[in-house]
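Peer 1: Below: one structure in structure tokens.
The values are calculated or read from the model by the stated rules, or taken from the named source; none is laboratory data. No experiment lies behind these values; they were computed from the predicted model shown. Here Cβ is always computed from backbone atoms with ideal geometry, including for glycine, and neighbour counts include all displayed protein chains. Heads up: the accessible areas ignore ligands, DNA and RNA and are worked out on the full protein's heavy atoms, side chains in. Shrake-Rupley method; radii C 1.70, N 1.55, O 1.52, S 1.80 Å.
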Amino acid sequence: MARGYRNYRGRTSKGKIALAVLLVFIILAALSALAMQRYVAYDENGTPFLRLPERQPDTASPPEAPPAREPEEPDSLEVIVPEPEEPSVFQVYSLTAAPLTPAAWEAARAEMGDTFSGVTVTLKDARGTVYFASQTAAEKAVKTVQGTTEALGLITGDEELYAIARLSCLPDAFAPYMNNDPMGLKNRTNGNMFRSGGTTWLDPGKPASREYLCGLAREIAELGFDEILLTDTGYPTQGELDTINYGSSPMEETLALLWAELRQTVEPYGVKLSIELPEAAVSDGREAASGLTLAQAVRYADRVYTVTAPGQAEILSNLVLQAEGENLVQEFLPELTAPDPQWGGPFLLLPAAE
């Protein structure tokens, strides 16, 4: 090597570094230019300018907040306490036994006013007289006048009125003489019919007697009455009772057979069947002479009626409604000659002449 000679390294190295750095800047600028190219826009004069992207609103809808839940009330049980039923105010007015006319009925209706919601009409009395145009009754037994059928139609056609027909059963001065006397209650000699109070009686143990009474009950039901009240359904209680031929069956069973056939007769018509009992048959449970017993009557009657004195209705009502056995009775009605202030239930007002 020549004396005093040195290689020139420093200048060469700095130049390369600077060149490399410059190259890097050029590359970055080129990349930046390419990246910015999509943001270059031109105005209407063709002058380029940058249009930076706008911030896009967030289109994703926020999650819906769950609906606010109302505070739950504790389960509650509604208890309905039935109101006590008001005492029945069913009051029945009883007409005097006689042939009825429209004028007579209108007069009675005016006298009843709004106090009475029911009426009883006697269609066969305790002598056997029949007060309607019956095809079943003995010819001499029927007693009517002009307008009787019309008057009965006025009663049964009144929708606001409860119509009760009173049917006396066994005392009968006419029917035992029909058809060569197959129906009359006999003495033990079987030769003469038994009389009580001057009136002959039907024998409930004879099928012809029961058929006769059922025929009358059917005709009454067909007239449109709401209820049939059977009276005088027991054997006689006056006269020479030891001479009566009662037949082979006990009196109570014979009377029960009569009531059962009468009830079966009127049931298809939707008519109630009621029985009038003497006070002794209710208070003591039975009336020995007549054969009437409370236990048998309540099996066939919708109502029990009893002629009684004021102050006794509550006692008798409890005995009837609490009678043992197959008690069909729905109500007890005392038959009074005047309203009883001690009795708040229904009653039948008897006519003064009765």
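Peer 1: Give me D for region 149-255 in µm² s⁻¹, whole number, from Stokes-Einstein with Rh from the Kirkwood sum over alpha-carbon pairs, 20 °C and 1.002 mPa s.
Peer 2: Taking Rh from Cα pairs, D becomes 141 µm²/s.
Peer 1: Let me ask you something else. Any idea how far apart VAL307 and ASP284 come out in nm if each label point goes 7 Å out from Cα toward Cβ?
Peer 2: If labels sit at VAL307 and ASP284, their model points lie 1.8 nm apart.
Peer 1: Per 0.36 nm of contour for each residue apart, how much would the distance between ASN190 and ALA208 grow if the chain were fully extended, relative to their Cα-Cα spacing?
Peer 2: Numbers: separation 18, 0.36 × 18 = 6.48 nm, distance 1.66 nm.
Extra length available between ASN190 and ALA208 comes to 4.8 nm.
Peer 1: Straight-line reach only, C-alpha to C-alpha below 17 angstrom: list the lysines that LYS143 could link to, leaving out same-chain residues fewer than 8 apart.
Peer 2: The reachable lysines, counting only those whose Cα sits under 17 Å from LYS143, are LYS124.
Peer 1: Nothing charged except the Cβ atoms of Lys and Arg (+1) and of Asp and Glu (-1): what's the magnitude of the dipole of region 285-354 about its Cα centre? Round to the nearest 20 debye.
Peer 2: My answer is approximately 100 debye.
Peer 1: Projecting each Cα onto the charge dipole of region 100-258 (Lys/Arg +1, Asp/Glu -1 at the beta carbon, about the Cα centre), which of LEU241, ALA165, ASN192 comes out farthest on the positive side?
Peer 2: Highest projection toward the positive end goes to ASN192.
Peer 1: Oh, and also: With only alpha-carbon pairs counted, each pair once and no self-pairs, how large is the Kirkwood hydrodynamic radius of region 144-185 in angstroms?
Peer 2: 13.2 Å
Peer 1: Based on Cα positions only, what radius of gyration and what Dmax would you give for region 271-335, in angstroms?
Peer 2: 10.5, 31
Peer 1: What relative contact order, as a whole-number percentage, does region 177-238 give when Cα pairs under 8 Å and 6 or more residues apart are counted?
Peer 2: 26 percent.
Peer 1: Considering only protein heavy atoms, what per residue accessible area in square angstrom results for region 172-253 with a 1.4 angstrom probe? Working shown, then result.
Peer 2: Working: 3640 Å² over 82 residues.
Ligands and nucleic acids excluded, the figure is 44 Å² per residue.
Peer 1: Per residue, how big is the convex hull of region 102-163 when only Cα atoms are used? Give it in Å³.
Peer 2: 94 Å³
Peer 1: What would the Debye formula give as log10 I(q)/I(0) at q = 0.13, 0.18 Å⁻¹ for the alpha-carbon point model of region 78-237, no solvent?
Peer 2: -0.66, -1.05
Peer 1: Contour minus end-to-end for LYS143 and THR156, with contour as 0.36 nm per residue of separation and end-to-end as the Cα-Cα distance?
Peer 2: 2.7 nm
Peer 1: Residue separation times 0.36 nm, minus the C-alpha to C-alpha distance between ILE27 and ASN327: what's the value?
Peer 2: 96.1 nm
Peer 1: Provide Rg and Dmax in Å for region 227-354, with only Cα atoms included in the calculation.
Peer 2: Both quantities, over Cα of region 227-354: 14.9, 47 Å.
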